[in-house]
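Down below is the structure, laid out as structure tokens.
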Amino acid sequence: MSKVLLTGGTGFIGSHTAVELLEQGHEVVIADDLSNSSRDVVNRIEQITGKRPVFYELDVADRKGLAKLFAEQDIEAVIHFAGFKAVGESVVKPLMYYRNNLDTSLTLLETMAEYGCRRIIFSSSSTVYGALSPCPFREDSPVGGCSNPYGWTKFMIEKILQDAARADEQLSVVLLRYFNPVGAHESGLIGEKPGGIPNNLMPYITQVAAGIRDHLNVFGDDYETPDGTGVRDYIHVVDLAKGHVAALGYAETHTGTEIFNLGTGKGTSVMEMIRAFEKANGLQIPYVIAPRRPGDLAYSYAETKKAESVLHWKAEKTIEDMCRDAWRFEKGML
Ligand code: UFG
């Protein structure tokens, strides 16, 4: 069992990972500046697991604050979730995205080196595959060609981590390329809570269901896909969280860099998702067909064999589970 630091640990994916780690007997320390989450998430993690993670309200780019954390806690591994993640905002404020996402990662790596911590798991994204290769994306498919600064920050941090592992043979780096995480913990206590207008499909659908927005805009119905709408590999956030627990186990026994896709390998279109949500929850989701969103691909889905064979991890939850759990969480917030 390890003592693990989760940067961004009160966020959507971080909080679910904290729950899975605590349930497996790991110790969890969270560092989060609460810029996109709330302190109450710590209470909710405790409510679910019966264990309270240690919490530091901290911007990971704050070198002194981070050094204090490492001096006080005997951190054995880090899962680095902290970062800005809104694709559209990154186009409008690129420097803010490069500064924040790169600064936090560099400060973290330097501080880890200073304190002899040599295991890091990084929240990367399938967005690094860009439009360069056909689906399914494999870990050895070409990367780059990202359509926005957010994606490039993921690409650059992957590169930084790979170089760091090349230079330090004791360093263990695991890059996890997430596909489209959705859903929520089945307790309804933690989930995705976007500030302002949601960028992503599932939180937008749940806000339409809740009456917060009057309809969903379907961004394009003229893609080269079976029903013309965009196809994505949606993965339940609890499955994704379990993938991190598996990656942590892997990092304990390997050095160098290893890359894993975390997806289901199955594509679902926007229209299929609307219908699945309506069926799972007995609701109607009004929608209109809108123009394509710049930068969107027709298809994005994973080749999942590597995670299955090396991490012995596989996503298990269905689209129905994702729709039901996302709605349960949204209802709990009303
Ligand atoms: N979509 C709509 N209407 C909406 C929102 C989305 O039709 O209001 C469509 C999109 O056009 C796309 C699909 O729903 O076809 C999924 O869109 P999301 O915004 O939910 O997800 P993306 O695949 O665009 O992006 C997500 C994450 C990124 C990550 C990327 C990796 O938001 O952080 O997956 O592929 F980089």
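The values are calculated or read from the model by the stated rules, or taken from the named source; none is laboratory data. The shown structure was predicted, so the numbers you read here are calculated from the model rather than taken from an experiment. Neighbour counts are summed over all protein chains in view; Cβ atoms, including those assigned to glycine, are modelled from backbone coordinates with ideal geometry. Heads up: the accessible areas ignore ligands, DNA and RNA and are worked out on the full protein's heavy atoms, side chains in. Shrake-Rupley method; radii C 1.70, N 1.55, O 1.52, S 1.80 Å.
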> Taking residue 234, is it within 9 Å of the ligand (Cβ to nearest atom) and over 22 Å from residue 86 (Cβ atoms)?
Replying inline: no
> Within segment 316-334, which residues are aliphatic (A, V, I, L, M), open to solvent by 20 Å² or more (accessible area, probe 1.4 Å) and at pLDDT 95 or above?
Replying inline: 319
>> Going by what's in this entry, would residue 204 be described as under 20 Å from residue 128 (Cα atoms) and of a type in the set (Ser, Thr, Tyr)?
In response: no
> Mind checking whether some residue in segment 293-312 is more than 19 Å from the chain's Cα centre (by Cα) and within 18 Å of residue 215 (Cβ to Cβ)?
Replying inline: yes
> Would you pick out the residues in segment 298-315 that are open to solvent by less than 20 Å² (accessible area, probe 1.4 Å) and in a strand (DSSP E or B)?
Replying inline: 300, 302
>> I'm trying to understand the selection: among the residues of segment 1-34, which are open to solvent by 10 Å² or more (accessible area, probe 1.4 Å), over 16 Å from the mean Cα position of the chain (by Cα) and closer than 20 Å to residue 62 by Cβ?
In response: 33, 34
> polar (S, T, N, Q), out of contact with any Asp or Glu (no Cβ under 8 Å at 6 or more places or on another chain) and within 11 Å of the ligand (Cβ to nearest atom): does that describe residue 105?
Replying inline: no
> How many of the residues making up segment 245-289 are of a type in the set (S, T, N, Q) and open to solvent by 20 Å² or more (accessible area, probe 1.4 Å)?
Replying inline: 6
> Going through segment 208-220 one residue at a time, which ones are within 12 Å of the ligand (Cβ to nearest atom) and either open to solvent by 20 Å² or more (accessible area, probe 1.4 Å) or out of contact with any helix residue (DSSP H, G or I) (no Cβ under 8 Å at 6 or more places or on another chain) (or both)?
Replying inline: 208, 213, 215, 217, 219, 220
> Among 249, 263, which is the only one that is within 15 Å of the ligand (Cβ to nearest atom) and closer than 30 Å to residue 163 by Cα?
Replying inline: 263
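Is it the case that some residue within segment 186-203 is touching a Leu at 6+ places or on another chain (Cβ under 9 Å), under 20 Å from residue 285 (Cα atoms) and within 13 Å of the ligand (Cβ to nearest atom)? Reasoning before the result, please.
Of the residues in segment 186-203, the ones touching a Leu at 6+ places or on another chain (Cβ under 9 Å) are 201.
Among the residues that remain, those that are also under 20 Å from residue 285 (Cα atoms) are: 201.
Adding the requirement that they be within 13 Å of the ligand (Cβ to nearest atom) leaves 201.
Yes, the conditions are met somewhere in segment 186-203.
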> Out of segment 1-58, which residues are assigned to a helix (DSSP H, G or I) and aromatic (Phe, Trp, Tyr)?
Replying inline: 12
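Out of 61, 71, 86, 113, I need the residue that is open to solvent by 10 Å² or more (accessible area, probe 1.4 Å) and modelled with pLDDT under 95. Which one?
86
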>> Among the listed residues 223, 150, identify the single one that is under 24 Å from residue 10 (Cα atoms), open to solvent by 10 Å² or more (accessible area, probe 1.4 Å) and within 16 Å of the ligand (Cβ to nearest atom).
In response: 150
>> The conditions are (1) within 16 Å of the ligand (Cβ to nearest atom); (2) in a helix (DSSP H, G or I), and residue 83 fails exactly one of them. Which is it?
In response: (2)
